[in-house]
Amino acid sequence: MTDPFANTQPSLSSPASAGGAVTPSDTAPFSVPSRALYVGSGGDIAVRMLSGDDLSFTGVSSGSFLPIRVVQVHSTGTTAGAIVALF
C-alpha cells in the first residue's frame, strides 16, 4: 500500500503509526515512550511519565484515549485493563 504521507515529518499531533498491548509492570519500562494510551476496560492507571513523574489516573472510562507520554504503566495501582500503548 502506498502511503501518501511518507514524505511528511510526523509530529506528536500526528496519528499514531504503531502500537502494542501493555502488560503493567513495576519493573519493566517501555523501550520507547508512548504517544498515548488506549484503555479498553476502565479503572485506575498508575504511570511513569516521560518526565519521570509518577502519576495516577482514577476512574478512567472504558474506551478512553489518554494523550500522555509514558515510559511505564505500573501494576501497583492499575486496575484498568486492555491497555494499548500507541507510538
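The values are calculated or read from the model by the stated rules, or taken from the named source; none is laboratory data. The shown structure was predicted, so the numbers you read here are calculated from the model rather than taken from an experiment. Here the Cβ positions follow ideal geometry from the backbone for every residue, glycine too, while neighbour counts run over all protein chains shown. What goes into the accessible areas is simple: the full protein's heavy atoms, side chains included, and nothing from ligands, DNA or RNA. Shrake-Rupley method; radii C 1.70, N 1.55, O 1.52, S 1.80 Å.
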Note to self: with every protein chain in place and a 1.4 Å probe, the chain gives an accessible area per residue in Å² of 62
Over its alpha-carbon atoms, the chain yields an Rg and a Dmax in Å of 13.6, 43
Chymotrypsin sites (Phe, Trp or Tyr not before Pro) in the stretch 1-62 lying in a DSSP loop, each with at most 14 other Cβ atoms within 10 Å of its Cβ, come to PHE5
Simple SL model, points at 7 angstrom along Cα→Cβ for SER56 and ALA16; separation in nm is 2.4
Computed about the Cα centre, the charge dipole of the chain from +1 Lys/Arg and -1 Asp/Glu charges at the Cβ has a magnitude in debye, to the nearest 20, of 120
